[in-house]
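Notes follow once the structure below has been shown.
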Ligand SMILES: NC(=O)c1ccc[n+]([C@@H]2O[C@H](COP(=O)([O-])OP(=O)(O)OC[C@H]3O[C@@H](n4cnc5c(N)ncnc54)[C@H](OP(=O)(O)O)[C@@H]3O)[C@@H](O)[C@H]2O)c1
């Protein structure tokens, strides 16, 4: 199977067709029940609820030995852990705090992993938001959706890469799966005219597409652009990194901030079109456990490696990905991200 980069771009130009195919014409694929995660250690961000919690449960059903519930609220994390401990008394289930709105919290979290977790096999970076209004992440000054879904997620990915490389068992690559969304396939990037960079344009409240999910969609295509570049640094023999779309899934809290009139409409649509949470979360297990080295750097949808946003198959898209990579590395200068990515190239 070819990687996203090697696949031809989408030949279905109209997003509703992709949505229809993804939601209604695919058969959910669960990992074989014989899959045995005994001895393995996994981190799942945002696993107090929604898809993250369900993925945690499914991995524990496959005998995962040690789960790290990485969440921003101790109370919510402990409540989730308590439920899982009752169901899976043999597993070690611990809660570690990470606020994806703050770089210092992400760095603290990674330091705790470094000092307290001698083995790490799998990280699923699932925490994400879909606000409809413009908000600023106070500690960085960036627009919040881009902050959490792209910048903070990619900082955490970058810091975890060397740990996944060195603390997964010899001969078995570490696994890093980042939650994405098919909506990222449609997202046109904003113009950077009058702005010093793409990230700068995405912070501009005047360009924020209010009352729509466009900023969310853009936050997901930024990850396609990062993945496209990341494979130049990270070998699939060290860490297999992929992006996964869980599909449109009901029973999560993603739309919690939608306005009172959108909520019932969305619920009605979800009742007829959305996947159940079990099938949605199974896409995470497929990406992190079943898909092989060929999925490295790829976007996985409907349990299958799929093309990226079509923009990435154009010279302009590749140029934008180069620029975003540099902007992202500049943003993470304080954390030594360039050095980390260079170090990943070494055997
Ligand atoms: N549901 C869908 O149809 C769908 C479709 C495509 C992609 N996705 C993606 O799937 C992922 C999970 O979404 P979901 O539907 O399960 O939504 P959800 O139920 O709202 O779960 C989101 C999780 O992210 C956490 N989170 C948000 N902001 C955070 C922060 N600053 N620091 C740490 N954790 C934070 C939340 O924690 P709190 O509970 O503390 O807020 C929660 O645990 C997201 O990345 C989303 O974009 C979902």
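Listing 29, 54 from fewest to most neighbouring C-beta atoms within 10 Å gives 29, 54. Label-to-label distance for residue 200 and residue 79 is 4.3 nm, based on points extended 7 Å past Cα in the beta-carbon direction.
Computed from the C-alpha gyration tensor, the three semi-axes of the ellipsoid equivalent to the chain are 27, 24, 21 Å, from longest to shortest. Per-residue Cβ neighbour counts within 10 Å put 235, 282 in the sequence 235, 282, beginning with the fewest. Its relative contact order, with pairs defined as Cα atoms under 8 Å and 6+ residues apart, puts the range 15-335 at 20 percent. Listed by Cβ neighbour count within 10 Å, with the fewest neighbours leading, 296, 131 appear as 131, 296.
The length gained by stretching the chain between residue 107 and residue 329 to full extension, at 0.36 nm per residue less their Cα-Cα distance, is 78.4 nm. Extension gain, residue 266 to residue 294: 0.36 nm times the residue separation minus the Cα-Cα distance gives 6.5 nm.
Would you calculate a helix-derived [θ] at 222 nm for the chain, using -39,500 (n - 2.57) for each DSSP H run of n ≥ 4 and dividing by the full residue count, to the nearest 500? The helix-only estimate for the chain comes to -12000 deg cm²/dmol at 222 nm. Using 0.36 nm per residue and subtracting the Cα-Cα separation, the extra length available between residue 38 and residue 2 on full extension is 9.9 nm.
Of 11, 238, 286, the residue with the greatest mean-square motion in the GNM of the chain, using alpha carbon springs below 10 Å, is 11. For the range 15-335, the antiparallel share of DSSP beta bridges with both residues in that region comes to about 10%. When you restrict to C-alpha pairs under 8 Å that are six or more residues apart and normalise by the size of the range 1-143, the relative contact order lands at 23 percent. Label-to-label distance, residue 90 versus residue 338, with points set 7 angstrom from Cα along the beta-carbon direction: 4.9 nm. At a Förster distance of 22 Å, what's the computed FRET efficiency of residue 11 paired with residue 314, Cβ-Cβ distance as r, to 0.05? Step by step, r from the Cβ atoms, then E = 0.90. Here the contact order of the range 254-347, divided by its residue count and restricted to Cα pairs under 8 Å and six or more residues apart, works out to 11 percent.
Values quoted throughout were computed directly from the atomic coordinates according to the rules given, and no laboratory measurement underlies them. Everything numeric here is computed off the predicted structure, so don't read it as measured data. Backbone-built Cβ (ideal geometry, glycine too); neighbour counts: all protein chains shown.
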